[in-house]
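For reference, the structure is listed below as structure tokens.
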Amino acid sequence: LAYSEVWDASKATDVNPQNNNEVLLIYGWENGTDGNVKNDRERDINNNGGDFGEWNREHVYPRSLGVPNLGESGPGSDAHHLRPSDKDWNSTRNNRKFTEGSGNSGTQANGGWYPGDEWKGDVARMMMYMYLRYNERCLPSNVGFGDKSETPDEMIDLFLKWNTEDPVSQIEKQRNLYHGNSNNDF
């Protein structure tokens, strides 16, 4: 997809199964009742952009950690790793490497980012995909903290662990169905 087309794709792939007027926000965990929009799990499907309270496109594999920078085409526009996220929570994550944690998403003591218990498996599978698809441009060791001595490649144990601990969700199946259909006829 072209980078600009990801907005519309996200409205199809990340729609809330409980409310088709909303998208699910990666790293979110709260239903909007606490007054802090940054941690919301859902957002109005058309409330996207760059202003406070809007959702934007989170590069789960940060462009700046690619070798070279992933840019806005090819791996930088690959919708398999672009997910709706609260604009400000996305900014808080910035390009922090993923690290171990538990509970809700946020910055950890080592400066890394924990994606949250609900999202860690999704993140792991996106990082594995990016590595398999783009090889040396998207090394898992560039985007996560963890040992790689037990694997024959650059995959780190953290992503393998998260993949096992957080099985594939219905939303991931929905996303893959859409992106796997070359006509995007969802």
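The values are calculated or read from the model by the stated rules, or taken from the named source; none is laboratory data. Being a predicted model, the structure only gives us computed values, none of them experimental. Because the Cβ atoms are built from the backbone with ideal geometry, glycine has one as well, and the counts that use them run over all protein chains shown. Keep in mind that these areas ignore ligands, DNA and RNA; they rest on the heavy atoms of the full protein, side chains included. Shrake-Rupley method; radii C 1.70, N 1.55, O 1.52, S 1.80 Å.
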Checklist entry - Residues in the stretch 84-98 that are over 19 Å from Val6 (Cβ atoms), open to solvent by 10 Å² or more (accessible area, probe 1.4 Å) and either in contact (Cβ under 8 Å) with a residue 40 or more places away in the chain or among the aromatic types (Phe, Trp, Tyr) (or both): how many? => result 3
Checklist entry - Which members of the stretch 24-74 meet the condition of being in contact with a Phe, Trp or Tyr (Cβ under 6 Å, 6 or more places away or on another chain) and open to solvent by 20 Å² or more (accessible area, probe 1.4 Å)? => result Lys38, Arg41, Asn48, Glu72
Checklist entry - Among (1) without any contact (Cβ under 8 Å) to a residue 24 or more places away in the chain; (2) under 14 Å from the mean Cα position of the chain (by Cα), where does Thr107 come up short? => result (2)
Next on the checklist: Just to be sure I understand, how many residues within the stretch 161-175 are outside any loop (DSSP other than H, G, I, E, B) and either open to solvent by 90 Å² or more (accessible area, probe 1.4 Å) or at pLDDT 90 or above (or both)?
Outcome noted: 8
Item to check | Members of the stretch 123-160 found to be under 19 Å from Gln108 (Cα atoms) and assigned to a helix (DSSP H, G or I), listed by number | outcome: Val123, Ala124, Pro140, Ser141, Asn142, Asp157, Leu158, Phe159
Checklist entry - Of the residues in the stretch 13-51, how many are in contact with a His (Cβ under 8 Å, 6 or more places away or on another chain) and at pLDDT 95 or above? => result 0
Item to check | Leading residue by the ranking (surrounded by the most Cβ atoms within 10 Å (Cβ to Cβ)) among those in the stretch 101-146 that are over 23 Å from Pro68 (Cα atoms) and of a type in the set (Asp, Glu) | outcome: Asp122
Checklist outcome for this item: Of the conditions (1) in a loop (DSSP other than H, G, I, E, B); (2) touching a Gly at 6+ places or on another chain (Cβ under 6 Å), the single one that Glu118 does not satisfy is (2)
